[in-house]
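Student: Below is a structure I'd like to ask you about.
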Amino acid sequence: KITFNDQPTVQVEFPVKLDTAGPANISLSVAPVLGEAATDNNRVSRVVKVMEDRVRVAMVTSFATWDFQYLHNALSRSSWAKVDDHVLNRPTQTLSMTPEQILSQQVVVLNDVADDALGATQWEAVYKLVSERGGSVIIVAGQVNVPGKAGARSPFVSDLLPYLPGKAPAWRVWPGQEAQFRLTTSTEARQVEALRLVDGPEGWRAWEQLPGFFRVLSMSDLKPNARPLLVERDSGQAVLTESRLGKGRVFFFGAEETWRWRAKVGERDQDRFWTQLIRYAGEEPYAQVGATRSLDADRLFIQPGEPLRVRARVLDLSLIHISEPTRLRRI
């Protein structure tokens, strides 16, 4: 119970727990006071959407690097992500996920993963997840594994990379004692709100304040379908790219030291960068989710004649069954 006393306005915050997915009505009311001319404005109601869907993220790594661990921790604390992690502890260990499990994800993160850590049908499933399901893959290069460096063993790997076969970049290493490779957004990346580190007009200039790296895998020869999002500040070469492949997208990140961004501000910048990138890569959750169909609308109530944006997702179960690897036609 809140009492106004002599204050003209009172700000109130209170938790609301909603356990059932779908539209939920929230009402707020205040008791009438003596002498009120009307009580119509003493009650207000709003309808909100309660989501039951979460972004399904599979994280695979050959080494539990600091970046991988911090990202895993950030996603595990979030309410919107469902994380399935796989750490390959031995150089010869292969991924245990089945093609069906890969196809059930929305985002797959491959961190410092060797080409032969996935079998032919697994790479085919990754390719289908992107090109036919509209999912996303985030490939993070590592000190040991630079994808395609020794020649991609699977044609699906070549299609996922932002550079042509045989054009894999090499690590650039800063020789001094203070890291000087600094990342900034490309001109066209200013359209991607997920890369904004601070709300408001300072969101882009915040990149200039981040600590530098000792190692970057900067890329100069990109495929036509790849666009740079983050570039190395001095050379202008791409470090983070986004590529369209069929219905989905592939992100390639040539850095492994975002943990350095925690030096003075803790988790703030690093967690925001990675979680926003994952949410950008993953599809916005649907309000109603079924076994094969999902549905969502941007508003629950509209007036006659008003436009309404409706999204639908239909799962084609025939895509789950993978036997022998086949060469897929590019869309």
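The values are calculated or read from the model by the stated rules, or taken from the named source; none is laboratory data. Bear in mind the structure is a predicted one, so any value in this text is a computation, not a measurement. Here the Cβ is made from the backbone with ideal geometry for all residues, glycine too, and neighbour counts use every protein chain on show. These accessible areas exclude ligands, DNA and RNA; they are computed on the full protein's heavy atoms, side chains included. Shrake-Rupley method; radii C 1.70, N 1.55, O 1.52, S 1.80 Å.
Student: Of all residues in the range 233-248, which are in contact (Cβ under 8 Å) with a residue 60 or more places away in the chain and of a type outside the set (Gly, Ala, Ser)?
Tutor: Thr241, Leu245, Lys247
Student: Shifting gears a bit: Evaluate the following for Val310: is it at negative phi, β-branched (Val, Ile, Thr), at pLDDT 75 or above and over 17 Å from the mean Cα position of the chain (by Cα)?
Tutor: Taking the combined requirement at face value, the residue satisfies it.
Student: Considering only the range 104-124, state which residues are crowded, with 23+ Cβ neighbours inside 10 Å and within 19 Å of Arg293 (Cα to Cα).
Tutor: Correct list: Gln105, Gln106, Val107.
Student: Is at least one residue of the range 218-236 modelled with pLDDT under 95, buried (at least 17 other Cβ atoms within 10 Å of the Cβ), of a type in the set (Gly, Ala, Ser) and under 21 Å from Ser79 (Cα atoms)?
Tutor: No, the range 218-236 contains no residue that is modelled with pLDDT under 95, buried (at least 17 other Cβ atoms within 10 Å of the Cβ), of a type in the set (Gly, Ala, Ser) and under 21 Å from Ser79 (Cα atoms).
Student: List every residue pair whose Cβ atoms sit under 7 Å apart, with the two residues 6 or more apart in sequence or on different chains, where the first one lies in the range 35-49 and is closer than 22 Å to Ala297 by Cβ and the second, anywhere, is among the polar types (S, T, N, Q) and open to solvent by 80 Å² or more (accessible area, probe 1.4 Å).
Tutor: Ser45/Asn25; Val47/Asn25
Student: Okay, next question. Suppose we keep only residues that are of a type in the set (Asp, Glu) and open to solvent by 70 Å² or more (accessible area, probe 1.4 Å) within the range 141-198. Which one would you say is farthest from Leu229 (Cα to Cα)?
Tutor: Checked the range 141-198; the qualifying residue farthest from Leu229 (Cα to Cα) is Glu178.
Student: Okay, next question. Identify all residues within the range 95-121 that are of a type in the set (A, V, I, L, M, F, W, C) and farther than 10 Å from Asn145 by Cβ; write none if there are none.
Tutor: Leu95, Met97, Ile102, Leu103, Val107, Val108, Val109, Leu118, Ala120
Student: With the structure loaded, tell me whether Ser136 is open to solvent by less than 50 Å² (accessible area, probe 1.4 Å) and under 21 Å from His72 (Cα atoms) or whether it fails that test.
Tutor: The answer is yes for Ser136.
Student: Gly166 is checked against (1) at negative phi; (2) part of a loop (DSSP other than H, G, I, E, B) and fails just one. What number does that condition carry?
Tutor: (1)
Student: Is there any pair with a first residue in the range 86-109 that is under 25 Å from Arg279 (Cβ atoms) and in contact (Cβ under 8 Å) with a residue 24 or more places away in the chain and a second that is in a helix (DSSP H, G or I) and β-branched (Val, Ile, Thr) whose Cβ atoms are under 8 Å apart and which are 6 or more apart or on different chains, and what are they?
Tutor: Sorted first by the residue in the range 86-109, then by its partner, the pairs are Ile102/Val126; Val107/Ile278; Val108/Ile102; Val108/Val126; Val109/Ile278.
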